[in-house]
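Here's the structure we're looking at; comments come further down.
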Amino acid sequence: MSTAGKAIKCKAAVLWETHKPFSIEEIEVAPPKAHEVRIKMVATGVCRSDDHVISGNFVTPLPAVLGHEGAGIVESVGEGVTSVKPGDKVIILCLPQCGECNTCLNSKNNICKEVRLSGTHLTSEGNSRITCKGKIVYQYITTGTFSEYIVIKEISVAKIDEGALLEKVCIIGCGFATGFGAAINSAKVTPGSTCAVFGLGGVGLSVIIGCKTAGAARIIGVDTNKDRFAKAKTVGATECIDPRDFEKPIQKVLFDMMNGGVDFCFEVTGNPETVETALASCHKDHGVCVIVGSIASWVQINISSQLFFSGRTLKGSVLGGWKTKDEIPKLVSDCMAKKFNLDPLITHTLTLDKVNEAIQLMKNGQCIRCVLLP
Ligand code: APR
Ligand code: ZN
Ligand code: ZN
């Protein structure tokens, strides 16, 4: 029996309050309105940003269905939707691409004006399409992938190759695209260059894959957790170091190792103190440092002015600089063509009802990426 045009009752992981676990609830997902798409979720990755909401570091209205890195199959579409149809395999875009705003019309930019990274995370017309026990439940960053079904705007979803393995490519939607694109698009890593990556979680490892793909000659992984070193080498790090093993500061270590500092450096720990260290590790004349890790909006970063009495560059990067609707499906195809391998990044696969376990694995540093299957 077709579900199109009717509300769907299904399960979702709902966060009612910060600092509390998710509860698995029965929710009601309304049919999609004009320019919206209802999707049956097949797989969703758990990202640090979801935990930042739980811990209160990212502020979003609650109750909410979190999760923003997912893939699924289109169940039905609202009026005027042209880019996807029922049955299509799709990837969720936590950064939309409306194609019409100043950002979308500028080839150098990717942070579409329609993005809702803070404030009220609602779909069009100011309403979530999800309710639970008669109450509106918001959809984190207008997505909310920790659910069996979701409704999102057409600009936040892209059709992908029908042969794609959704339980694998779902992590391209945030973590992989963010790290890989930081190297390829934001830093523009050059062949034969030297790179240092601070933080070897799922995003940092994706940066390493990007540096390797761009042809970097030396890629140094830096982490205080040595358990991450073996995997970093599997994906392309040429060496790994722990700052605590040296008496001198790590920027001095990298300066000496690399004859004056690295060409490209990436901050992927999410730690504000590491930004200055990463910048100082760059070559003073031409080094480029990209901040990839997300830091709470109220945090100030302290950087010595002396670091800018030089030619260094410090850059931001959001979702790897990709124009999402156009380019994320190409990353999925590249993955299928084995241009890069996501397998080392996915260390755990659990069912959606184990979402609290997945968050705990992430907090304890026991997983790289955990994928949930609704
Ligand atoms: N120096 C070196 N490594 C550090 C430091 C430090 N001062 N502090 C933390 N780390 C390491 C941790 O040991 C861990 O291996 O950084 C790594 C971070 O990895 P994850 O916590 O798994 O995070 P990840 O999912 O990769 O995301 C990294 O990017 O998108 C953001 O919100 C995300 O801020 C987070 C960052
Ligand atoms: Zn994310
Ligand atoms: Zn736009």
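Descriptive notes on the structure:
- Here Val318 meets each of (1) away from ligand 3 (no atom under 16 Å from the Cβ); (2) within 30 Å of Ile91 (Cα to Cα); (3) β-branched (Val, Ile, Thr); (4) at pLDDT 95 or above with one exception, condition (1).
- Residues of segment 306-322 satisfying the condition of being charged (D, E, K, R) and surrounded by fewer than 19 Cβ atoms within 10 Å (Cβ to Cβ): Lys315
- Subset of segment 323-337 [more than 15 Å from Asp88 (Cβ to Cβ) and of a type in the set (D, E, K, R)]: Lys323, Asp326, Glu327, Lys330, Asp334
- Filtered residues of segment 264-299 (kept if aromatic (Phe, Trp, Tyr) and either in contact with a strand residue (DSSP E or B) (Cβ under 7 Å, 6 or more places away or on another chain) or within 16 Å of ligand 2 (Cβ to nearest atom) (or both)): Phe264, Phe266
- Residue within segment 114-121 that is over 21 Å from Lys6 (Cα atoms), in a loop (DSSP other than H, G, I, E, B), modelled with pLDDT under 95 and in contact with a Phe, Trp or Tyr (Cβ under 7 Å, 6 or more places away or on another chain) present: yes
- Tabulated pairs, segment 288-304, first within 24 Å of Cys47 (Cβ to Cβ) and modelled with pLDDT of 95 or more, second assigned to a loop (DSSP other than H, G, I, E, B) and more than 15 Å from ligand 2 (Cβ to nearest atom), C-beta under 8 angstrom, 6+ apart or interchain: Cys289/Ser281; Cys289/Arg312
- No other residue among Thr3, Thr44 is within 16 Å of ligand 2 (Cβ to nearest atom), polar (S, T, N, Q) and in contact with a strand residue (DSSP E or B) (Cβ under 9 Å, 6 or more places away or on another chain) apart from Thr44.
- The residues of segment 170-195 that are out of contact with any Leu (no Cβ under 8 Å at 6 or more places or on another chain) and among the hydrophobic types (A, V, I, L, M, F, W, C), listed by number, are Cys170, Ala182, Ala183, Ile184, Ala187, Val189, Cys195.
- Sole residue being at pLDDT 95 or above, acidic (Asp, Glu) and under 25 Å from Cys101 (Cβ atoms), chosen from Glu154, Glu148: Glu154
- For segment 204-251, residues that are of a type in the set (Gly, Ala, Ser), surrounded by fewer than 16 Cβ atoms within 10 Å (Cβ to Cβ) and part of a loop (DSSP other than H, G, I, E, B) total 2.
- Condition met for Val59 (under 15 Å from Ile141 (Cβ atoms), out of contact with any strand residue (DSSP E or B) (no Cβ under 6 Å at 6 or more places or on another chain) and either surrounded by 15 or more Cβ atoms within 10 Å (Cβ to Cβ) or not charged (D, E, K, R) (or both)): yes
- Residues located in segment 322-374, provided they are part of a loop (DSSP other than H, G, I, E, B) and among the charged types (D, E, K, R): Lys323, Lys338, Lys339
- Of note, Phe22 does not satisfy the criterion of being within 16 Å of ligand 2 (Cβ to nearest atom) and surrounded by 15 or more Cβ atoms within 10 Å (Cβ to Cβ).
- Residue pairs meeting the criteria (Cβ under 6 Å; at least 6 apart or on separate chains; first among the β-branched types (Val, Ile, Thr), in segment 96-113; second near ligand 3 (Cβ under 6 Å from one of its atoms)): Thr103/Cys112; Thr103/Lys113; Ile111/Thr103
- Each residue in segment 175-200 was checked for being part of a loop (DSSP other than H, G, I, E, B) and of a type in the set (Val, Ile, Thr), and 2 of them qualify.
- Options Cys101, Cys94: the member that is touching a helix residue (DSSP H, G or I) at 6+ places or on another chain (Cβ under 7 Å) and not charged (D, E, K, R): Cys94
- A count restricted to segment 80-118 and to residues that are basic (Lys, Arg), more than 15 Å from Ser156 (Cβ to Cβ) and within 14 Å of ligand 3 (Cβ to nearest atom) stands at 1.
- If you go through segment 148-174 and keep only what is more than 18 Å from the chain's Cα centre (by Cα), part of a strand (DSSP E or B) and either aliphatic (A, V, I, L, M) or buried (at least 21 other Cβ atoms within 10 Å of the Cβ) (or both), you end up with Tyr149, Ile150, Val151, Lys153.
- Matching residues in segment 282-323 - criterion: being aromatic (Phe, Trp, Tyr) and under 21 Å from Ser206 (Cβ atoms): Trp322
The values are calculated or read from the model by the stated rules, or taken from the named source; none is laboratory data. This one's a predicted model, so the numbers in the text were calculated from it and none came from an experiment. Cβ: placed from backbone, ideal geometry, glycine included. Neighbour counts: every protein chain shown.
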